[in-house]
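K.L.:
Got a structure for you, written out below as structure tokens; questions coming shortly.
The values are calculated or read from the model by the stated rules, or taken from the named source; none is laboratory data. This is a predicted model, so every value here is computed, not measured. We place every Cβ from the backbone using ideal geometry, glycine too, and count neighbours over all the protein chains shown. The protein model used for the area step is the full one, side chains on, heavy atoms only, and it has no ligands, DNA or RNA in it. Shrake-Rupley method; radii C 1.70, N 1.55, O 1.52, S 1.80 Å.
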Amino acid sequence: MRHRLLLAVTGLYLLAVAWITLNPIPGDPKRNAFLEGLLASFAATPLLAWIGYDVVEFTANIVLFVPMGVLLAVLFGRGRRWLAVSLGIAASLVIEFVQLFEPARVSDARDIVANSLGTIIGVALVVIAGGRRSRPDAAPSRSS
């Protein structure tokens, strides 16, 4: 039952990623009032002025793919986490390739880097969480 639920959640997540990245009519991010306000706030703050649209977009691509790394790593298990990373990178390559043929989309090699990094971070989170779970709390002290 748990495996079926994980498969269903992963499938829904992948459909959402496909819709977000391959929708032939994406929203215009430069006309998003929230994003414009956020970027204006960053620009007005000296320590955050370096955060522009490109940084936000790159970060959003990382965040979008972290769940892919987590879900695939859990789905494939400990011995095949490399497959989770490989599939995340392959998904990014496919998305960017398909976007080449969508007039309203822009294919960008930086997206491949960001998406792949997101997948790797997701898998790393699973590895870290698994390592903490399997580590004994504290070894009993031995007295002589």
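K.L.:
For the chain, which whole percent of the accessible surface, found with a 1.4 angstrom probe, sits on carbon and sulfur atoms? Let's see the in-between values first.
P.N.:
Values: 6800 of 9930 Å².
For the chain, the apolar C and S fraction of the accessible surface comes to 69 percent.
K.L.:
A further question on this structure: Taking a quarter of the surface of the Cα convex hull of region 1-113, what do you get in nm²?
P.N.:
Spelled out: convex hull of the Cα atoms, projected over all directions, averaged, 8.7 nm².
K.L.:
Here's something else I'd like to know. Determine the dipole magnitude for the chain: charges of +1 sit on the beta-carbon of Lys and Arg, -1 on that of Asp and Glu, nothing else is charged, the reference point is the Cα centre, and the result goes in debye to the nearest 20. The partial results should precede the final answer.
P.N.:
Working: 13 positive and 9 negative charges, 206 e Å.
Charge dipole of the chain: 1000 debye, to the nearest 20.
K.L.:
If you count only protein heavy atoms with a 1.4 Å probe, what accessible area per residue comes out for the chain, rounded to a whole Å²? Could you put the intermediate results ahead of the total?
P.N.:
Details: 9930 Å² over 144 residues.
That works out to 69 Å² per residue.
K.L.:
If you don't mind, there's one more thing I want to ask. Stretch F58-R2 to full length: gain in nm at 0.36 nm per residue minus the Cα-Cα span?
P.N.:
On the way: separation 56, 0.36 × 56 = 20.16 nm, distance 3.32 nm.
In short, 16.8 nm is gained.
K.L.:
I've got another one for you. How high is the relative contact order of region 1-96, given as a whole-number percent (alpha carbon pairs under 8 Å, six or more residues apart)? Show your work: numbers first, answer last.
P.N.:
Numbers: 42 pairs, mean separation 27.2, N = 96.
Relative contact order of region 1-96: 28 percent.
K.L.:
Which length gain, in nm to one decimal place, applies between L22 and E36 when the Cα-Cα distance is subtracted from 0.36 nm times their residue separation? Each step should come with its number before you reach the end.
P.N.:
Numbers: separation 14, 0.36 × 14 = 5.04 nm, distance 2.32 nm.
Going from the current span to full extension adds 2.7 nm.
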